[in-house]
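A short worksheet on the structure shown next.
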């Protein structure tokens, strides 16, 4: 469940006031109806820092999609 202690960001991961956290429901964040490419493009973002729990599944899928949408990851 979102907001549960199991899904909290690691304390070592410092989130700034201007940082954006995109919550997703499937492995690839770009598949979501609120596609990050649209909101990130409006902000002029060109480089992403992607963090997650399952590098070989969720993170890998999202990084692959970010690269295909011309972001530097």
(message) Contact list please: Cβ distance under 9 Å, first residue in region 54-73 and surrounded by 12 or more Cβ atoms within 10 Å (Cβ to Cβ), second residue assigned to a strand (DSSP E or B), pairs at least six apart or on different chains.
(response) 66/72; 71/47; 73/47
(message) Please count how many residues of region 26-52 are modelled with pLDDT under 75 and exposed (fewer than 13 other Cβ atoms within 10 Å of the Cβ).
(response) 4
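Do the conditions hold for residue 9, that is, is it under 19 Å from residue 62 (Cα atoms), surrounded by 12 or more Cβ atoms within 10 Å (Cβ to Cβ) and modelled with pLDDT of 75 or more? Step through it out loud before you land on a result.
Details: under 19 Å from residue 62 (Cα atoms): yes; surrounded by 12 or more Cβ atoms within 10 Å (Cβ to Cβ): no; modelled with pLDDT of 75 or more: yes.
No: the conditions fail for residue 9.
The values are calculated or read from the model by the stated rules, or taken from the named source; none is laboratory data. Owing to the predicted nature of the structure, the values given are computational and were not obtained by experimental measurement. Using ideal geometry, Cβ is built from the backbone for each residue, glycine included, and neighbour counts are taken over all protein chains shown.
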